[in-house]
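The structure appears below as structure tokens.
The values are calculated or read from the model by the stated rules, or taken from the named source; none is laboratory data. Predicted model only: the values in this text are computed from it and were never measured. Cβ placement follows ideal geometry from the backbone for every residue including glycine, while neighbour counts extend to all protein chains displayed. Side chains included, ligands, DNA and RNA excluded: accessible areas come from the protein's heavy atoms. Shrake-Rupley method; radii C 1.70, N 1.55, O 1.52, S 1.80 Å.
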Amino acid sequence: RILCSEPLPAVPVMKRLSQLQPLLGRSHRTNLCRGVPRRPVSVQVDSDKTSLAGLALKDLSQGSDVEAFWGRTRAVEPEPAVESSAAVDPAAPSDAVLKSSIQSILSALPAEWRGTTFNNSKTKLLGREGFAQHLQDLIVRKSRSGEKISKEELADIGNAEDYLRVATNIATTLEVVLARERGVDVSQVFTFASEILPIFAVGLVSKLPVKLYLGDSESPFTNAQRDLFKLIGVELLVFASYRIQPPGPQEVVLCLESAFLKHSKVDGIIAPSVLYIMNTKKIPPADILVVRKRMSTPVTTPMAEAMLQTLAGLPMTANVYGPAQRLATQFYEHLQTLSGTAVDMSAKPVVSTVGLSALCSLWVTLIARGGADVLMCSTAYGGTVQMTDIFDKTEAKFRKHDFHIQGAGSNIVPSIEAELNQLAERTDLLPMTVVFLEIPTNPDMKVPELDALVETCMRHKKATGRQVMLLVDATFAPGSKIMEKLRAVEDELCVMVFISLSKSVSRGLTTAGTVIANHTGEAKDILRAVAQTCEMLDLNAKPDQLMRLVEHHTRVEDRCKHAYRVAALVGERLQQTVFEATGNDMPLAFVTPEQAAMGFTTSSFSFNLPAPEGACDEVKEGLAQRFVDSLCQHEGFKPCVSFGQDNGLVYCTVPATSTQGAVKAEDKAKQAVGGVQLVRLSFPPTCDIDFVNDVISESALKLYR
């Protein structure tokens, strides 16, 4: 507690949220200081029914504090930005205009804003700052005309990013409002679907000791957890004090927003699920964005909508509630069945906010257990590559190694075996060797010989005396029951399955990820530790995410089978068209019918279009993108990086410039054939196949006329 000789300044909305919603989600009682009088608020949390932020927002929306924030005049001037390196646009809309505009925006949200993937064409993909500027321009323009913002105008703005994990329009809209309230540029404000990761992210990117001032809040970290952070290169010092010492040049000072006073000098401010960067030299925003998109997400769409409703003085109607426990249990059991292991709730699957946050929790867990050498494909999903690289570049006992499978003639298992043999010659092997493999692989859609894969892992275990884990990314075929197949070869191999639930399992309606253990005691012990890590970093799936997963996980096996059949039919027609146009037999990177019969029913295939006769290098390099652009001129085709959606749309992308953005250029180059890069098409379970075939054939023929 602090004694003041004069009333404290007006408390911003997000600071009030931080007082209502403590960092660890415990029940909390505090005073909201708006001058005099002070209003005590008490919130009791029932985590089984709703999210913490939702309860805090619901309580706040019942009071009159929102009006004080958004009113045309303020009794006390807002706190000035501290150590901020970005200037706020003087033409930015006033508080009153922004409040009215938020109400208008919420009443006209385009349906696509609630999705998980967004149009990434050159005219639509703006970046966070570009989207924020377009939004502010629209707000100012409509306020001057006195007109309400329409759904069509919002849709025409463009997109902050192309995937929810990176940024969403609604979360960026919230960040615009928070930046306006704090007096900083939107590039300095990041919402997270985690209350802990903003602190962890600052430590990772700054590479400096971090001092965190809590005021009178409880520390969110135990000493053991801070020791674990130190293994990863994050040195965190925690102070239960309001006496914030100004930061020195070789340290970063953070404080909880509830501990921030008018004249505090800090490098960053931590509010519930929000990071305000006040010193962009010590905390580079671009690096924070990388950590957020590789280990977490912005606040979920329902949570962003709830916060905006509260800030606009509206009743909170956003659905932030979670499922009944019985239904959640059925979902966890289904995940184990999909992966091919017996139902065992003592080793319940870990479900996180996004696929990469599940992997992040696994990597941190393995570091805590002594370290790991991770062998993975050089052309794996770019997000996985970059997130793993982040840990590889820290001081942690964690190393990433690559194997290569590019090209139709390459074989997965011999490539893995060659790299494992090289690892076995090292004298500094870490306690765990992880063989991490997508099955089917992305974007090659290859399936390895499982007998040979298991034998290779077991030989390495015997030769080195190290623990060996086979980690399978089953995202492209979540119902393959891969662990059952592997157990039939070897009963003692530690196997874990990773699935991005943002795709087929959720039908593309939310993001999430999961890690599942097989029957071995070793895998189950690791999984239980992963659950603790995920909770420590606040990366568990949010209630609204679990609700959508519970609602849509059933019949995912059937959806994948139907989508595979669509892909197979369209692929056959595409090959016929290319042969007619060029005389070339163009192979598809696609699972075989025999592999599909085993359960590897992927909805995607990739291919290298033949280079036009006599084409120059420039034409060859741009051929794949020209084909994608031609397809996406038609309704029913979307230029997007994801797959597995059940919305009738065909998703089209060039992996080398999208999903593999973080992959080395020399590794991506090996995918090209005749100077032409891969195209990947992903199909829904149901669509107008005749129409899709006609569009694809017409677009292919145009390339060769």
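Residue count for region 403-422, restricted to those that are touching a strand residue (DSSP E or B) at 6+ places or on another chain (Cβ under 8 Å), under 23 Å from Val454 (Cβ atoms) and either among the hydrophobic types (A, V, I, L, M, F, W, C) or open to solvent by less than 30 Å² (accessible area, probe 1.4 Å) (or both): 7. The one condition from (1) among the charged types (D, E, K, R); (2) part of a helix (DSSP H, G or I); (3) out of contact with any Gly (no Cβ under 6 Å at 6 or more places or on another chain) that Lys620 does not meet is (3). Close contacts from region 99-127, counting a first residue that is on the phi > 0 side of the Ramachandran plot and a second that is surrounded by 19 or more Cβ atoms within 10 Å (Cβ to Cβ), with Cβ to Cβ under 8 Å and a gap of 6+ residues or different chains, come to Gly127/Ala160; Gly127/Glu161. Condition check for Ala477 on (1) assigned to a loop (DSSP other than H, G, I, E, B); (2) touching a strand residue (DSSP E or B) at 6+ places or on another chain (Cβ under 7 Å): one failure, at (2).
Scan region 428-461 for residues that are in a helix (DSSP H, G or I) and open to solvent by 40 Å² or more (accessible area, probe 1.4 Å) and the total you get is 5. Among the residues making up region 508-525, those that are touching a residue at least 24 places away in the same chain (Cβ under 8 Å) and either surrounded by 23 or more Cβ atoms within 10 Å (Cβ to Cβ) or among the small types (Gly, Ala, Ser) (or both) are Gly508, Thr510, Thr511, Ala512, Gly513, Thr514, Val515, Ile516, Ala517, Asn518, Ala523. Hey, does region 453-468 have a residue that's within 18 Å of Leu527 (Cβ to Cβ) and among the aliphatic types (A, V, I, L, M)? Scanning region 453-468 turns up at least one residue that is within 18 Å of Leu527 (Cβ to Cβ) and among the aliphatic types (A, V, I, L, M).
Within region 565-580, residues that are farther than 13 Å from Ser699 by Cα reach partners that are hydroxyl-bearing (Ser, Thr, Tyr) with beta carbons closer than 6 Å, at six or more positions or on different chains, in the pairs Ala567/Ser603.
Exactly one residue out of Ala563, Ala567, Ala529 is touching a strand residue (DSSP E or B) at 6+ places or on another chain (Cβ under 7 Å) and within 22 Å of Ala474 (Cα to Cα), and it is Ala567.
Out of everything in region 350-375 that is assigned to a strand (DSSP E or B) and under 20 Å from the mean Cα position of the chain (by Cα), what residue ends up being surrounded by the most Cβ atoms within 10 Å (Cβ to Cβ)?
This residue is Ser352.
Kindly evaluate Glu425 against the criterion of being within 21 Å of Ser339 (Cβ to Cβ), out of contact with any strand residue (DSSP E or B) (no Cβ under 8 Å at 6 or more places or on another chain) and open to solvent by 50 Å² or more (accessible area, probe 1.4 Å). Considered against the rule, which asks whether it is within 21 Å of Ser339 (Cβ to Cβ), out of contact with any strand residue (DSSP E or B) (no Cβ under 8 Å at 6 or more places or on another chain) and open to solvent by 50 Å² or more (accessible area, probe 1.4 Å), Glu425 comes out as no. Looking across Pro284, Pro302, Pro315, one residue alone is open to solvent by 20 Å² or more (accessible area, probe 1.4 Å), under 20 Å from the mean Cα position of the chain (by Cα) and of a type outside the set (D, E, K, R). It is Pro284.
What about Ser217, is it open to solvent by less than 40 Å² (accessible area, probe 1.4 Å) and either closer than 27 Å to Ser500 by Cβ or in contact with a helix residue (DSSP H, G or I) (Cβ under 9 Å, 6 or more places away or on another chain) (or both)?
Yes: the conditions hold for Ser217.
One residue stands out in region 476-498 among those that are open to solvent by less than 10 Å² (accessible area, probe 1.4 Å) and not hydrophobic (A, V, I, L, M, F, W, C): the one that is nearest to the chain's Cα centre (by Cα), namely Pro478. Please enumerate the residues belonging to region 184-214 that are acidic (Asp, Glu) and in contact with a helix residue (DSSP H, G or I) (Cβ under 8 Å, 6 or more places away or on another chain). Within region 184-214, just Asp185 meets the criteria.
Figure legend. Inter-residue proximity from region 295-313: first residues closer than 14 Å to Ile105 by Cβ, second residues at pLDDT below 95 and among the acidic types (Asp, Glu), beta-carbon distance below 7 Å, spacing 6+ or different chains. Indicated pairs: Gly313/Glu67. Taken residue by residue, region 159-166 has at least one member that is touching a Cys at 6+ places or on another chain (Cβ under 7 Å), closer than 23 Å to Leu356 by Cα and either open to solvent by less than 30 Å² (accessible area, probe 1.4 Å) or touching a residue at least 24 places away in the same chain (Cβ under 8 Å) (or both). Is it true that some residue in region 237-245 is in contact with a helix residue (DSSP H, G or I) (Cβ under 6 Å, 6 or more places away or on another chain), of a type outside the set (Lys, Arg) and open to solvent by 10 Å² or more (accessible area, probe 1.4 Å)? Scanning region 237-245, I find at least one residue that is in contact with a helix residue (DSSP H, G or I) (Cβ under 6 Å, 6 or more places away or on another chain), of a type outside the set (Lys, Arg) and open to solvent by 10 Å² or more (accessible area, probe 1.4 Å), so the answer is yes.
Condition first: touching a residue at least 40 places away in the same chain (Cβ under 8 Å) and touching a Ser or Thr at 6+ places or on another chain (Cβ under 6 Å). Now tell me which residues in region 475-500 satisfy that. Answer for region 475-500, where residues must be touching a residue at least 40 places away in the same chain (Cβ under 8 Å) and touching a Ser or Thr at 6+ places or on another chain (Cβ under 6 Å): Thr475, Phe476, Ala477, Pro478, Met483, Val497, Ile499, Ser500. All but one of (1) in contact (Cβ under 8 Å) with a residue 60 or more places away in the chain; (2) assigned to a loop (DSSP other than H, G, I, E, B) hold for Ile270; which doesn't? Single failed check for Ile270: (2). Counting only helices (runs of 4 or more DSSP H) that fall entirely inside region 529-598 and contain at least 1 residues that are over 29 Å from Ala304 (Cβ atoms) and open to solvent by 80 Å² or more (accessible area, probe 1.4 Å), the qualifying elements are 556-582, 593-597. Residues that are open to solvent by 50 Å² or more (accessible area, probe 1.4 Å), touching a residue at least 12 places away in the same chain (Cβ under 8 Å) and charged (D, E, K, R) within region 128-140 comprise just one, Glu129.
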